[in-house]
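The values are calculated or read from the model by the stated rules, or taken from the named source; none is laboratory data. All values reported here derive from a predicted model rather than from experimental measurement. All Cβ positions, even for glycine, are placed from backbone atoms using ideal geometry, and neighbour counts span all protein chains on display. For the accessible areas, the whole protein counts, side chains as well, though only heavy atoms, and no ligand, DNA or RNA atoms are used. Shrake-Rupley method; radii C 1.70, N 1.55, O 1.52, S 1.80 Å.
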Amino acid sequence: MALDAETFDALIDTIRRFVAERLRPLEADVEAQDAIPDDVTQEMKAMGLFGLSIAEEYGGLGLTMLEEVKVAIELGRTTPAFRSSFGTNVGIGSQGLVMAGSPEQKAEWLPKIASGEIITSFALTEPDVGSDSGAVKTKAVWDGQAYRLSGTKRFITNADKADLFTVMARTGDEPGGRGVSAFLVPRDLAGVSIGESEKKMGQKGAKVADVIFDEVVVPVENRLGAEGEGFKIAMRVLDRGRLHISAVCVGVAERLIADCVAYASERKQFGKPIAEHQLIQAMIADSKTEALAARALVLETAAAKDEGKDVVMESAAAKYFASEMVGRVADRAVQIYGGAGYIADYGIERLYRDVRLFRIYEGTSQIQQLIIARETLKRGG
Ligand SMILES: Cc1cc2nc3c(=O)[nH]c(=O)nc-3n(C[C@H](O)[C@H](O)[C@H](O)COP(=O)(O)OP(=O)(O)OC[C@H]3O[C@@H](n4cnc5c(N)ncnc54)[C@H](O)[C@@H]3O)c2cc1C
């Protein structure tokens, strides 16, 4: 259910100020420490950010998709690691439960996810299984009393601090996605272990690691949906997640454009601010045009999703366009800053590295192209 306009405007205003006054001054520290300060995490919990997408009856804010993408755009105006720290609770870590959980599963977990008391992760990718995610090898074998879960999941966001994993594992002999089921696996079950956090190109402060399951005994009550539905659940979760990520891309692009305008208005060459050179203006115009187009696509798709329309194609198109767009905007930003764009102190090279991930996770650009083409061919245009 949508918030009333006044409450939602107040929320946006609070987040905007929080991003500008609290988070942006910490960006260099987060990069240097590769960690989000604990007090900031507590403040984000108090603001309800961990429960943006979870219904009010479970203690969340219960935002519509349109409201959520508007919030994600605001959060995009700072280092994406801040958003990532609660991004799994809002998106891929909770939405399987929201979409396919039983009333008992929801009552047990959603209030703790919404408050940030526990952290959730989504475990689909494996060492040999990435884009072809229906081919998961992790197995959950029924032994007559419970499932025995074994396998390794790779590049799992927030695994270092997760309390609960949504795990896609093979339960049947059916080929591809049809043999895959989804499970809620608490971190404290015997046989669950977490690898070392990976060193990454960017988004310092957001961690990914392997999650290893070694003969973990998982009760049937922890299965999400029926056997064989896990891949479908995962795809629905990602479909929704793509819109959120697209919105973050729009936010980062808008921030970069504002930074470029400020820098170009200040920096003088050939006796005038570089903003007065038309070749700089052309770059600003291209970035602005693309960011506006992405914003419109994201907002329109989110509104259509709220109306119950099938937006599989549009969500993929939004993710594809917005993630590629912010890459081009970041590249132009480095160019507009000149040498300073390459130097860490100015923060532009950091965002340039940060945004590279958006073209890869939750489905690479190539996978989005395949989805867009498949759905367009299916629809006949
Ligand atoms: C920082 C980070 C966080 C992540 N977080 C999570 C997470 O929380 N949970 C999770 O489950 N996963 C997560 N991932 C994994 C991510 O979703 C995968 O990396 C991504 O889906 C791509 O899979 P891959 O890395 O195995 O690449 P591959 O699938 O091996 O792809 C390699 C290249 O081949 C291309 N390719 C593959 N198939 C085709 C095709 N049919 N046609 C054309 N080109 C193709 C790809 O587009 C890519 O360019 C994360 C990854 C990173 C880096």
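Between ALA190 and ALA340, what length comes free when the chain is fully extended (0.36 nm per residue of separation minus the Cα-Cα distance, one decimal in nm)?
Between ALA190 and ALA340, full extension yields 49.0 nm more.
With every protein chain kept in the model, how would you rank TRP142, TRP109 by accessible area, 1.4 Å probe, largest at the top?
TRP142, TRP109
What FRET efficiency comes out for the pair GLN366/ARG178, r = Cβ-Cβ distance, R0 = 25 Å, nearest 0.05?
The calculated FRET efficiency here is 0.60.
With respect to the cross-link table entries LYS305/LYS378; LYS139/LYS199; LYS232/LYS309, which display a Cα-Cα separation exceeding 22 Å?
Correct reply: LYS139/LYS199.
Around GLY195, which amide H atoms from residues at least 5 apart in sequence, or from another chain, sit under 5 Å from its own amide H, with H modelled in the peptide plane?
When sequence neighbours closer than 5 places are left aside, the close amide H contacts are ASP210, VAL211, ILE212.
For GLN281 and ASP39, calculate 0.36 nm times their separation in residues minus their Cα-Cα distance, and state this gained length in nm to one decimal.
Extending this stretch completely gives an extra 83.1 nm.
Restricting things to Cα coordinates, could you compute the convex hull volume per residue of region 131-273 in Å³?
With only Cα atoms used, region 131-273 gives 134 Å³ per residue.
What percent of all Cα-Cα pairs in region 27-154 falls in each 5 Å bin, counting up from 0?
Result returned by the calculation: 2, 10, 16, 18, 18, 15, 12, 7, 2, 1, 0.
Starting from the Cα of ARG374, step 7 Å toward the Cβ, then list every residue of region 163-205 with an amide N under 19 Å from that point.
The answer is 168-170, 174-182.
Run the numbers on region 5-115 and let me know its relative contact order in percent, using alpha-carbon pairs under 8 Å that are six or more apart.
32 percent
For region 264-316, what log10 I(q)/I(0) values come out of the Debye formula at q = 0.13, 0.21, 0.30, 0.32 1/Å, with one point per alpha carbon and no solvent?
-0.51, -0.74, -1.04, -1.09
As I understand it, the value is the acute angle between the Cα axis of helix 5-17 and the longest principal axis of the Cα atoms of the chain; what does it come to in degrees, rounded to 10?
70 degrees
What is the log10 of I(q)/I(0) for the chain, computed with the Debye formula using one identical point scatterer on each Cα and no solvent, at q = 0.07, 0.12, 0.13 Å⁻¹?
-0.31, -0.91, -1.06
Residue by residue through region 151-158, what is 3J(HN,Hα) from phi via Karplus (6.51 cos²θ - 1.76 cosθ + 1.60, θ = phi - 60°)? Round to whole Hz and write x for glycine and proline.
So the Karplus estimates, Gly and Pro as x, are x, 10, 9, 10, 6, 8, 4, 6 Hz.
For LEU224, which sequence-distant residues (separation of 5 or more, or a different chain) have an amide H within less than 5 Å of its own amide H, given hydrogens modelled in the peptide plane?
Amide H neighbours of LEU224, under 5 Å, 5+ apart: ALA182, PHE183, LEU184.
Length gain on complete extension for the stretch THR7 to ASP310, per 0.36 nm per residue less the alpha carbon to alpha carbon distance?
106.2 nm
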